[in-house]
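**Q** Okay, handing you the structure first.
The values are calculated or read from the model by the stated rules, or taken from the named source; none is laboratory data. Quantities reported herein were computed from a predicted structural model and do not represent experimental measurements. Virtual Cβ from ideal backbone geometry, glycine too; neighbours counted across all protein chains shown. For accessibility, only protein heavy atoms count, side chains too; no ligands or nucleic acids. Shrake-Rupley method; radii C 1.70, N 1.55, O 1.52, S 1.80 Å.
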Amino acid sequence: MEIERKFLVKRMPQDLDQYPCHQIEQGYLCTDPVVRIRRQDHEYFLTYKSSGLMARQEYNLDLNETAYVHLKEKIDGNLITKKRYCIPLNSFLTVELDVFEGTFSGVILAEVEFATVDEAQRFDPPEWFGQEVTWSPKYHNSTLSQADPMDYKK
């Protein structure tokens, strides 16, 4: 089960280069249900996600590079590229700060994953977070894959 809350970012945290960072590329083979392929650094995955906004089922399967490249030719819509910074909030929560590149350059989202729905509901976001978009499908990556990038430009 994936339980997460998602926020726009009103101010970037300082010293981003001190945090672990992953280069991510992902595309969608289907958006209903969500079937995604992802390259994260030098690892490859096929992911299924059920419907839902804050909580949903998620299953990841390992792929090899050859399978990823083959499936990448079959994606529907925009290929999404981003840098993901992993910023610890405390001893058990981490912010995944996604700084989009390419087609969606300028979009920045902060996601925090939780062990339980109750924990997610009690979360008090740090002041550098902006508007919460957990309940907006507009900011799901699967939606971005089908969207006009101009709808996300400021």
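**Q** Tell me, what ³J(HN,Hα) does each residue in the range 140-153 have, in order and in whole Hz, if you take phi through Karplus 6.51 cos²θ - 1.76 cosθ + 1.60 with θ = phi - 60° and put x for Gly and Pro?
**A** 6, 4, 5, 5, 4, 4, 10, 8, 7, x, 5, 5, 10, 8
**Q** Can you give the convex hull volume of the alpha carbon atoms of the range 79-154 per residue, in Å³?
**A** About 106 Å³ per residue, rounded to a whole number.
**Q** Okay, next question. If I model a spin label as a point 7 Å beyond the Cα along the Cα-Cβ vector, how far apart are those points for SER50 and THR116 in nm?
**A** The two pseudo-label positions are separated by 1.9 nm.
**Q** Please calculate how many Å² of accessible area the range 1-133 carries per residue, with a 1.4 Å probe and no DNA, RNA or ligand atoms counted.
**A** It amounts to 53 Å² per residue over the range 1-133.
**Q** On to the next question. Among the lysines in the range 29-154, how many pairs, 8 or more places apart or on different chains, have alpha carbons under 19 Å apart?
**A** Close lysine pairs found across the range 29-154: 11.
**Q** Each residue of the range 99-115 in order: what ³J(HN,Hα) in whole Hz does its phi give by Karplus 6.51 cos²θ - 1.76 cosθ + 1.60, θ = phi - 60°, with x for Gly and Pro?
**A** 9, 6, 10, x, 3, 10, 3, x, 7, 9, 10, 10, 10, 10, 9, 10, 7
**Q** Take the Cα atoms of the chain, find their three principal axes, and give me the spread along each one in whole Å, biggest first.
**A** 42, 31, 30
**Q** Got a sec to turn the phi values of the range 66-76 into Karplus ³J(HN,Hα) couplings, 6.51 cos²θ - 1.76 cosθ + 1.60 with θ = phi - 60°, whole Hz, x for Gly and Pro?
**A** 4, 5, 4, 4, 4, 6, 4, 5, 9, 5, 10
**Q** While we're looking at this one, here's another question. What residues have an amide H closer than 5 Å to that of ASN78, excluding those fewer than 5 places away on the same chain, when H is modeled at 1.01 Å from N in the peptide plane?
**A** Residues meeting the criterion, in which the H sits 1.01 Å from N, are GLN146, ALA147.
**Q** Shifting gears a bit: As a test of the formula, what do you get for the chain when each DSSP H run with n ≥ 4 contributes -39,500 (n - 2.57) and the sum is divided by the residue count, at 222 nm and rounded to the nearest 500 deg cm²/dmol?
**A** Calculated at 222 nm, the ellipticity per residue is -2500 deg cm²/dmol.
**Q** Determine the relative contact order of the range 1-125: mean sequence separation of Cα pairs under 8 Å and six or more apart, normalised by residue count, in whole percent.
**A** Worked out over the range 1-125, it gives 28 percent.
**Q** Right, another one. Are there trypsin sites (Lys or Arg not before Pro) in the range 43-104 that DSSP marks as loop and that have at most 11 other Cβ atoms within 10 Å, and which are they?
**A** LYS74
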